[in-house]
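See structure below.
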Amino acid sequence: SCIRLRSFPPQLFPGPLKRMSVTELDRALHKSVLKREATKEQAFREEQQRRDADVHLGFGATDMCKAELRKIIDSDKRMYYRTEELNDKLYIHYKGWKEIGGLECWTGLKAIHAECNAFDTIKGLHNCRNLRSLFLSENCIKRISGLDNCTQLWSLNLSNNFIERIEGLSKCTGLNTLTLAKNKIGFRGVEDLIELAGSSIATLDVQDNKIWDPDVLPEVFAQMEHLRVLYLKGNECGKNIPNYRKSITVYCEDLKYLDDRPVFPEDRRAADAFNRGGLEEERVERRLIKDENNDKHDKNMKAFQAMIDAARSEKRERDAMRGEDKYTDESDPVESVEQRMKKQIDKWKEENKDDLREDMRDYAERCVKSEREAKENAKNKSQENEMSDSEVPPPLENEPQTTAGDEKIDNRKLVYEDIWDAAPAAKTATEAKAVAAPAKFVPPPRRAAASAAASADADAAAPSSSSSRGGVAAAESVEQQRDAALKAAAEAGKAPAWYAKFAEIAGKTAAPSSTAAAGDAEAGGAAKDFIAAKTFTGSRPGMSFKTGPEGLGYYADGAAQPVPPPPAAAAERPGDGAELDEMD
């Protein structure tokens with residue numbers, strides 16, 4: 001089976017058209033696809049290389065020049081002046097630059113931050129004569145040089161480099177802080193640090209180097225008169241120097257801080273004693289230091305007590321003199337220093353009270369005051385409502401308390417005198433005489449009063465159903481006991497102790513009650529059967545407080561019952577009243 005290739009484009013088969021088998025056609029198509037994919041892959045690789053070149057161009061592919069420094073100035077207009085001479089600091093860290101350059105016009109620089117670059121030599125700083133701080137940590141510097149014109153240099157940081165020898169610092173006469181941590185200093189022993197002897201360096205950091213020679217202590221560090229802080233840990237010499245900390249403290253007389261902690265005066269005295277006579281001398285010196293500290297403390301305490309005593313004696317003397325003086329502290333014409341100062345301060349505050357006034361504070365105080373007044377008014381209203389609601393009829397005595405979680409505790413107690421005051425008065429003189437000299441004791445009708453009080457209590461404050469049933473049952477049991485006691489006393493012919501007071505009160509209230517009833521009849525033509533009242537305001541003769549057809553108020557009970565006569569026997573057995581009172 002062969003296929004004519006007239007339908008395919010000529011560029012696919014550049015040769016003369018001929019008949020091709022299906023297999024040959026598949027091979028030709030596959031070859032064409034592979035060629036097209038190779039072309040696309042080549043274009044992709046070229047584009048990737050171009051992008052990588054652009055990325056590398058921003059990470060160190062450029063050189064430190066004026067154009068790049070101008071870009072830095074334009075990138076942060078708040079930090080840099082456009083005039084290069086006016087800038088006193090320059091941040092060029094993390095740029096990947098290999099050489100320092102382009103600083104010819106930066107004559108006013110005082111601090112250069114050039115960490116994390118690729119500088120291998122210190123150069124290009126010949127015009128930076130006012131330079132005070134130079135930070136070149138984490139670079140590729142192998143030698144200290146190019147600092148001859150930086151005579152005012154104060155701080156130099158060259159940590160994390162490849163420096164093997166300390167040199168090139170002879171012209172930096174004002175150098176105070178030198179940081180050379182994590183370098184390769186000390187392979188040749190003392191020769192790598194000998195230039196530090198006699199220098200003005202006060203803070204030296206050479207930790208984590210290769211210093212192994214113990215002679216660096218007497219020949220280098222001991223010759224540095226201004227040395228105050230020394231970081232030397234991480235070197236082999238720390239193991240080779242005997243009694244490392246004590247020896248350095250003795251040799252460096254003005255040292256204040258060594259490695260990780262300060263050098264206290266007590267430590268220096270102990271180190272000097274150890275250097276003189278060993279461990280025993282050091283122990284003696286430490287005991288002496290302890291005794292001196294104790295003596296100093298006692299001396300301070302005595303001085304403080306003496307000051308207190310002197311102040312007290314002065315006060316007593318001043319009070320004695322003031323007692324004999326005709327002037328007081330307020331009326332004394334001679335002003336003291338404190339009074340004069342206080343008067344001046346008060347005068348100044350009065351003159352500048354407008355400037356000292358705090359508007360926000362005044363506003364806050366007014367807001368707080370208004371809130372407090374609102375709370376007090378609400379509290380007063382709630383108390384008035386509670387007082388008006390609390391005016392309820394007196395409760396029954398011995399009524400049980402409800403202790404359920406959702407029920408209110410009822411502690412009401414019935415006072416008998418309140419009910420007896422409302423007892424109906426005698427209408428005639430015969431009845432009054434019968435009250436005065438009773439012939440036989442008859443128990444008074446207490447059931448009606450108890451029922452009236454119970455109904456008033458139920459209307460004023462209605463408890464839950466369970467507590468109401470319990471209270472009624474308890475009240476009925478108490479009434480039964482009281483009736484039994486009264487019946488027993490009647491059979492015995494003795495009147496209880498409270499009956500005399502009851503008769504006396506009933507006799508006193510008989511006349512006013514009749515007079516009031518007559519006045520009401522004359523004024524209104526007939527006594528009122530209902531008086532509206534929201535709360536119980538006291539007992540009324542011949543009326544009971546309850547809720548009825550007219551609403552809450554006082555309703556007439558009908559004809560008043562006469563006062564029962566007392567028992568014939570006037571003598572009272574001892575103990576009856578006490579027993580009844582106890583039962584009540």
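The values are calculated or read from the model by the stated rules, or taken from the named source; none is laboratory data. Nothing here was measured: the structure is a model prediction, and the numbers come from that model. Note: ideal-geometry Cβ built from the backbone for every residue, glycine included; neighbour counts use all protein chains shown. SASA here: full protein model, heavy atoms, side chains in, ligands and nucleic acids out. Shrake-Rupley method; radii C 1.70, N 1.55, O 1.52, S 1.80 Å.
Counting only other residues whose beta carbon sits under 14 Å from that of Arg322, what net charge do I get with K and R as +1, D and E as -1?
With Lys, Arg at +1 and Asp, Glu at -1, the net is -4.
What accessible area per residue comes out for region 250-355, rounded to a whole number of Å², with a 1.4 Å probe?
Details: 8990 Å² over 106 residues.
Value returned for region 250-355: 85 Å² of accessible area per residue.
If you add up the charges near Pro333, with Lys and Arg at +1 and Asp and Glu at -1, over every other residue whose beta carbon is less than 15 angstrom from its beta carbon, what do you get?
-1
What does the C-alpha gyration tensor say about the overall shape of region 99-179? Classify as rounded when a/c is under 1.5, otherwise prolate if a/b is larger than b/c, or oblate.
oblate
As an exercise, find the ratio Rg/Rh for region 66-127 from alpha-carbon atoms, using the Kirkwood inverse-distance average for Rh.
Reported Rg/Rh, Kirkwood definition of Rh: 0.93.
Which net charge results when you count Lys and Arg as +1 and Asp and Glu as -1 among the other residues whose beta-carbon is under 12 Å from that of Val33?
+3
In whole Hz, what ³J(HN,Hα) sequence does region 81-95 give by Karplus (6.51, -1.76, 1.60; θ = phi - 60°), x for Gly and Pro?
8, 5, 7, 5, 5, 7, 7, 10, 9, 9, 10, 10, 7, 6, 9
As a test question: what accessible area, to the nearest 10 Å², does Trp348 have when a 1.4 Å probe is rolled over all protein chains in place?
130
One-quarter of the Cα convex hull surface for region 215-369, in nm²?
One quarter of the hull surface, i.e. the mean projection, equals 21.4 nm².
Just to make sure I understand: if all protein chains stay in place, what is the order of Val250, Val22, Val334 by accessible area at 1.4 Å, largest first? Can you show the working numbers first?
Values: Val250 35, Val22 70, Val334 105 Å².
The ranking, largest first, comes out as Val334, Val22, Val250.
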